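The values are calculated or read from the model by the stated rules, or taken from the named source; none is laboratory data. These numbers were taken from a predicted model, which means no experiment stands behind them. Neighbour counts run over all protein chains shown; Cβ positions are idealised from the backbone, glycine included. Note: accessible area is taken over every heavy atom of the protein model, side chains too, but ligands, DNA and RNA are not part of it. Shrake-Rupley method; radii C 1.70, N 1.55, O 1.52, S 1.80 Å.
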Amino acid sequence: MYRKFTAEFVFNGHKILPGTPVVVTDSAGTIIDVVEGQDAGDGIEVFQGMLTPGFVNAHCHLELSHLKGMIPANTGLVSFVQQVMSNRACSAEQKQEAMMTADAAMYAAGIVAVGDICNTADSITVKNQSKIHWHNFVEVSGFVDAKAQQRLDEMKKVYDQFQVANPGKGNTTFSPHAPYSVSKTLFQLLNDATAGQLITIHNQECAAENHLYQQKTGDFLSLYKNFGIDISVFEPTGKTSFQSWLPMFSGAQSILAVHNTFIDIEDLTFFKNLSKPVEVYYCICINANKHIEQITPPLELMMKHNCNMVIGTDSLASNYQLDILEEIKAIQQETNLPLTELLQWATLNGARALQMEDKIGSFEKGKKPGIVLIEELTGLQAGPQSFSRRIL
Ligand SMILES: [Zn+2]
């Protein structure tokens, strides 16, 4: 049994297709072909708006879903991190309920795959029942260098639970939390533990992260003091955080760098001039940046440097919804980038970043990318009323 779909516009993961394209799938949603309307026969389902392959949310923290609306906006990252750490506790039932609601909302709005940060095994049950693909990044942090091995061993227990459960049938890999929360020895242990794998890291989410590495100054010193973390052995590198941590990964990892709010031209030039090329994808979580720091990443600069761009929602602690089209709308407000460019970030680029390109990301034969309808477009841009929903 075939199904056939068309709309005013059909975006296939690369571009808007000319003519009258019809996407043909089998009953399970696998793409059979994309053909011209005159060759499609009857039984075509016709929609108003734009069809696109399912979205990839490259950065989320499903397990923080119960923090929705609990952390005030505009506090800055250092205060935000402290509030997340002290507000994490809540009943197991409430957590499960919040994660189930968030999973269902993501699916309904067209998200087919998520790169998800895991500090605990809390999300396994929801992911086992989810219709979304998951890559689980088991996050490791610890700025006290002497405890590096102990921190990795602790997270190995979480990692093993994900390996056994294999929720979402996706991969599970270790990942460093952020440059300000991972010590030098822990970076080295993670480099050894993740050779050849996909990892992620929160990168340059605030200016203080650069100040820490450049001069051992700035807001993070007070965070360490508040948590009683002794950083006397930390030595500044004199370089930005990006230029300090990136060379620590020498094992052919593919790296998903998230936020990049304070990345600059020197960082991007440094990357371009690396003697040994590294695969880096840059994830933008613009609504979270606005929520926490009221600042947006240098998108046009990153485009000029041909960065591989993808989109994430971050968590409900720092966002009002986990909705990729809402992220696209927020990016459109800051830039003149065309919708098709941003849709490619959200579909094909995201699939490549999560190494799921063989299954999702575009309307190509044999893939099962999901079909999403964007309604209430303003011409070829997403306007304030636009919304997305999964139709297959
Ligand atoms: Zn995050």
Filter the range 257-289 for residues that are of a type in the set (S, T, N, Q) and more than 16 Å from the ligand (Cβ to nearest atom); which is most open to solvent (accessible area, probe 1.4 Å)? 275
Would you tally the residues in the range 211-240 being open to solvent by less than 20 Å² (accessible area, probe 1.4 Å) and in a helix (DSSP H, G or I)? 5
Test residue 276 against the stated conditions and say whether it is farther than 22 Å from residue 212 by Cα and part of a loop (DSSP other than H, G, I, E, B). yes
Which condition number does residue 186 fail, the rest of (1) out of contact with any Gly (no Cβ under 9 Å at 6 or more places or on another chain); (2) modelled with pLDDT of 95 or more being met? (1)
Applying the selection to the range 369-392, what residues are open to solvent by 40 Å² or more (accessible area, probe 1.4 Å) and over 20 Å from residue 22 (Cα atoms)? 376, 378, 379, 381, 384, 385, 387
For residue 313, are the conditions met, namely being under 22 Å from residue 50 (Cβ atoms) and free of Cβ contacts under 8 Å to residues at least 12 places away in the same chain? no
Which pairs have Cβ atoms under 6 Å, sit 6 or more apart or on different chains, and link a residue in the range 43-70 that is among the polar types (S, T, N, Q) and away from the ligand (no atom under 16 Å from the Cβ) to one that is assigned to a strand (DSSP E or B) and open to solvent by less than 10 Å² (accessible area, probe 1.4 Å)? 52/11; 52/372
What is the residue count in the range 279-289 for residues that are part of a strand (DSSP E or B) and either more than 18 Å from the chain's Cα centre (by Cα) or β-branched (Val, Ile, Thr) (or both)? 2
Give me the residue from the range 188-207 that is of a type in the set (A, V, I, L, M, F, W, C), open to solvent by 10 Å² or more (accessible area, probe 1.4 Å) and part of a helix (DSSP H, G or I) and, out of that set, farthest from residue 140 (Cα to Cα). 207
Is one or more of the residues making up the range 340-351 in the same structural domain as residue 135 (by TED's automatic domain parsing), modelled with pLDDT under 95 and open to solvent by 10 Å² or more (accessible area, probe 1.4 Å)? no
So which residues in the range 187-226 are without any contact (Cβ under 8 Å) to a residue 40 or more places away in the chain and hydrophobic (A, V, I, L, M, F, W, C)? 212, 221
Is one or more of the residues making up the range 301-313 out of contact with any strand residue (DSSP E or B) (no Cβ under 8 Å at 6 or more places or on another chain) and on the phi > 0 side of the Ramachandran plot? yes
Give the residues of the range 241-256 that are closer than 19 Å to residue 207 by Cα and surrounded by fewer than 23 Cβ atoms within 10 Å (Cβ to Cβ), sorted by residue number. 243, 244, 246
Taking the range 117-145, which residues are of a type in the set (Gly, Ala, Ser) and surrounded by 24 or more Cβ atoms within 10 Å (Cβ to Cβ)? 123
Please enumerate the residues belonging to the range 3-29 that are within 10 Å of residue 44 (Cβ to Cβ) and open to solvent by 60 Å² or more (accessible area, probe 1.4 Å). 3, 20
Out of the range 290-330, which residues are buried (at least 23 other Cβ atoms within 10 Å of the Cβ) and either in the same structural domain as residue 373 (by TED's automatic domain parsing) or in a helix (DSSP H, G or I) (or both)? 292, 324, 325, 327, 328
Mind checking which residues of the range 297-332 are more than 16 Å from the ligand (Cβ to nearest atom) and either of a type in the set (Phe, Trp, Tyr) or under 16 Å from residue 204 (Cα atoms) (or both)? 298, 299, 301, 302, 307, 309
Does residue 335 qualify as being away from the ligand (no atom under 16 Å from the Cβ), open to solvent by less than 60 Å² (accessible area, probe 1.4 Å) and either modelled with pLDDT of 95 or more or β-branched (Val, Ile, Thr) (or both)? yes
